[in-house]
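The values are calculated or read from the model by the stated rules, or taken from the named source; none is laboratory data. The structure presented is a predicted model; accordingly, all values stated were derived computationally and were not measured. In this analysis, Cβ positions are derived from the backbone assuming ideal geometry, glycine residues included, and neighbour counts consider all displayed protein chains. To get the accessible areas, we keep the full protein, side chains included, count just its heavy atoms, and leave off ligands, DNA and RNA. Shrake-Rupley method; radii C 1.70, N 1.55, O 1.52, S 1.80 Å.
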Amino acid sequence: MARPYALLRAGFPYVKTLGMRRVTNDPVDVALDDGMYYVLNRSGIIARLQWDDDGSWDVGDLKPIAGSGAEDGKFLWPATILIDRARTLWVSDENTHRITNITREGEFISKWGERGDGEGRFDGPAGMAFDSDENVYVSDSRNHRIQKYTKDGRFILQWGEFGSAEGQMNMPWGLAVDEMGSVYVADWRNDRVQKFTAEGQFLSAIGRPGSDDGEFNRPTGVAVDGHGDVYVADAGNDRVQLFSQEGRYVEKFIGDASLSKMARDYMLTNAGPLRQREMTSLEPQKRFRRPRSVRVDDQFRMFVTDMGSMRVQVYQKDAEPLTPDLILPPPRSPSLVTN
Amino acid sequence: MAAQDLSLTAHLMRRAGFGATRAELERLAEKPYEELVEDLLHPERFPEVERDLLDRYLSEPFATIPVSVGIWIYRMVNTKRPLEEKMTLFWHHVFATGFSKIQNVNAMVRQVESFRRHSLSNLRGILTALSKDPAMIFWLDNSENHRDEINENYGRELLELFSMGVGNYSEDDIKNCAKAFTGWTFAQPIPLYPQGEFPTEFEYRTDDHDDGVKTFLGETGQLDGSHVIDIIVRQSATARFVSRHLYNFFVADEAQVPAWSEAPPRDPAAIDALAKAFESSNGDIRSVMRVLFNSDFFKKARYGKVKSPAELVAGVIKLAGTHTEPNRGLEAVGVAAAAMGQSLYDPPTVEGWHTGREWIDGGALNERVNFAVDELDDVTRPGIRDIVRRIAAEGGSLAPGRLVEQCVELAGPVQVSGATREAMLRFAQAGGELSFESEDAAERSARRVARLLQFIVASREYQLA
């Protein structure tokens, strides 16, 4: 899909909330399949949720998979979950320093990686992203670098070193690859997002430390949609920020959650919490708390793993692609004449 | 640098913190003792623990109690502000609040954060923060203390255990104290399900507060909680009671708190000196601690105090050089301290833990020794490698007697008894001279050093700070 020349941004409304405490405890990432969402919990359990949530979560196809452990197919400090074209799941684990492939039912397929700082080794692999050939980029966080592998774990290339200059990194975390192959890195401790070519040449950077628009406090996740818009989970500021493909700040999301179906069912059968909720303000209950990752599907729905509040919030982008005949080219100077 | 200085520095760091590595000690001992004390008394001179790392790897503040305990022990081990962390533990001992009743991790963690923030400030500020702390309010039922139906629990314990001690106030004082704190409550927190815990804050309900005239400790007026705290801090009984708590925690084991109205202090002159500092500074804890650490009674009080489980665990970890980064093993360390009799965030009663010899019984001693020996059971641990490297740097081969001497020195220095030294010497002699000349010899020697360090941490003397 070719990128549009420009966009008419009509809106980006909140749609719904998925999950709840007990089902999606400390969610760190979500993999988007057709109608099914695999929510990776920090505990190692992967919850399986459906778009058409009917309130159930532990029966049949919705039974949680994986779990906590160092054995094959389980996880100690899982960080990222991806789904590939064959519809199998890939999980990075910052504690075992491994990348693991499992089926959608949780059966172990394969794994690679071990601790170290040489080629093919990791110290805290966190973010992961596929390119269009399904090679996988991994942010090797404590080694302050990005590595690229084939799906079966053959090392291809690496770049990055500790530091804050262009191309250097400080504990990189979330990763994304756009349809042109550019790689976006949430450079966590440098409070910025860096953009590289597929081979690791520095292209540009967004952000600096702070809490104003366009600034970050420990960004954890990054995503790119089919329009080239860049989404950043700005965890320390409890928000997600949206940037245009040129890196211009567009807007921020602070959370608008409502109760998921399963949460509603829970509340309706628990008189005590029901009363306590009635005694409190709804305001803080809507907001993001330490959002860990952001994902966008091909329908331009944004999924935010709202870790602190143990759920996933979904928004829907509403934008019209524009061709050059519909919108003027960018002017050199602004104008006060706006009619 | 004189050995005596290093030994005194080590004493200071065991008491004012959770011990120090050899490298830290050598660096610290370069400063005059009084300057070192000033550094400890001014934690703001040093950076905080890196909270972003804790948040990233251990998901603070949405953790469970076991994770929160692990995080706290991580702080004890890695803080650059050791006295701040030790005072935090001190206030947790004195204002003992237990998760078993609170059932709210966020409220417990925030209470301890409040102790950390107020660690060395004025007692007035500390008691004010305590009286507004949701966990304390719930723990001692002040949320049930209403204008038309008072609950004396908080008022009673504030006087009996938190400030003055039994025998220094009347039953009427307790009642009026409770009345002064009516309406001091907290906002209903958002329920745990379905979105996890949310914080809550202190709430003052005017319509539930008794604003009538009250008499408390001889002062009469429309007293509320703040006035009561002001009056408490001015009492010489408070100065003596807080001083005795500080002496018991930092200097030498006293009788258990409930016996204090009967049993005289172990060192009355020391309590006099601390109480004087308290009164002349209007309850400034930093001023009292300055007198305490610079006193002769403190400097001489070496190895006269049983380590609490938290002190033992954190000290052993510092010696082993492990847990310098957030990791999953920290939860297990918290469990180990609990098995030794100290569940952080969950003291047994409002009296807190019984200290001194009561820390040690057969089971607890077993747990203490097993934990310490296990922590040093791996020669690749950074702390052991550092000690081995220092011993190897002497060059050539090392006689058994010198080996024992070096281990005792580098692990502390630790004061070990003749019997322990004998046992270590027998073990050292059985292996002959220590050599690092070949790779094999170096590996064997490293294992022998580690074994000797295990002798030390398993000894009776290592249970003492």
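Quick check on B:Leu246: is it in a loop (DSSP other than H, G, I, E, B) and either of a type outside the set (Val, Ile, Thr) or touching a residue at least 24 places away in the same chain (Cβ under 8 Å) (or both)?
No, not satisfied.
Tally time: how many residues in segment A:221-257 are within 25 Å of A:Ala319 (Cβ to Cβ) and within 11 Å of chain B (Cβ to nearest Cβ)?
Of the residues in segment A:221-257, 2 are within 25 Å of A:Ala319 (Cβ to Cβ) and within 11 Å of chain B (Cβ to nearest Cβ).
Can you tell me which residues in segment B:389-408 are out of contact with any Ser or Thr (no Cβ under 7 Å at 6 or more places or on another chain) and either in contact (Cβ under 8 Å) with a residue 60 or more places away in the chain or of a type in the set (S, T, N, Q) (or both)?
The answer is B:Arg390, B:Gln406.
A quick yes/no check of all residues on (1) away from chain A (no Cβ under 14 Å); (2) in contact (Cβ under 8 Å) with a residue 60 or more places away in the chain; (3) in contact with a strand residue (DSSP E or B) (Cβ under 6 Å, 6 or more places away or on another chain); (4) of a type outside the set (S, T, N, Q):
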site	(1), (2), (3), (4)
B:Leu140	yes, yes, no, yes
B:Arg147	yes, yes, no, yes
B:Tyr154	yes, no, no, yes
B:Leu161	yes, yes, no, yes
B:Val166	yes, yes, no, yes
B:Lys179	yes, no, yes, yes
B:Thr185	no, no, yes, no
B:Asp211	yes, no, no, yes
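With the condition kept exactly as written, say whether any residue in segment B:246-263 is polar (S, T, N, Q) and crowded, with 22+ Cβ neighbours inside 10 Å.
Yes.
Take the residues in segment B:371-383 that are within 20 Å of B:Thr420 (Cα to Cα) and in a helix (DSSP H, G or I); name whichever of them is least open to solvent (accessible area, probe 1.4 Å).
B:Ala372
Among the residues of segment B:16-47 satisfying the criterion of being over 28 Å from B:Arg385 (Cβ atoms) and not in a helix (DSSP H, G or I), which is nearest to the chain's Cα centre (by Cα)?
Per the stated criteria, the residue is B:His42.
When you scan segment A:48-151 for strands (runs of 3 or more DSSP E) that lie fully inside it, which ones turn up with 1 or more residues that are of a type in the set (A, V, I, L, M), away from chain B (no Cβ under 14 Å) and surrounded by fewer than 18 Cβ atoms within 10 Å (Cβ to Cβ)?
Once the strands (runs of 3 or more DSSP E) in segment A:48-151 are filtered for at least 1 residues that are of a type in the set (A, V, I, L, M), away from chain B (no Cβ under 14 Å) and surrounded by fewer than 18 Cβ atoms within 10 Å (Cβ to Cβ), what remains is A:108-112.
Pairs please, first residue from segment B:45-56 and within 14 Å of chain A (Cβ to nearest Cβ), second anywhere and open to solvent by 30 Å² or more (accessible area, probe 1.4 Å), Cβ atoms under 7 Å, 6+ apart in sequence or on different chains.
B:Asp52/A:Arg218
Just a yes or no: is a residue in segment A:200-217 within 14 Å of chain B (Cβ to nearest Cβ), small (Gly, Ala, Ser) and open to solvent by less than 20 Å² (accessible area, probe 1.4 Å)?
So far as segment A:200-217 goes, no, none of its residues is within 14 Å of chain B (Cβ to nearest Cβ), small (Gly, Ala, Ser) and open to solvent by less than 20 Å² (accessible area, probe 1.4 Å).
Kindly indicate the residue of segment B:177-194 that is among the polar types (S, T, N, Q) and open to solvent by 10 Å² or more (accessible area, probe 1.4 Å) and also farthest from the chain's Cα centre (by Cα) among those meeting that condition.
For segment B:177-194, the residue satisfying everything is B:Gln188.
Tell me, please, whether a residue that is open to solvent by 10 Å² or more (accessible area, probe 1.4 Å) and not in a helix (DSSP H, G or I) can be found in segment B:109-120.
yes
Test A:Ala186 against the criterion of being within 18 Å of the chain's Cα centre (by Cα), assigned to a strand (DSSP E or B) and within 14 Å of another protein chain (Cβ to nearest Cβ), and give yes or no.
yes
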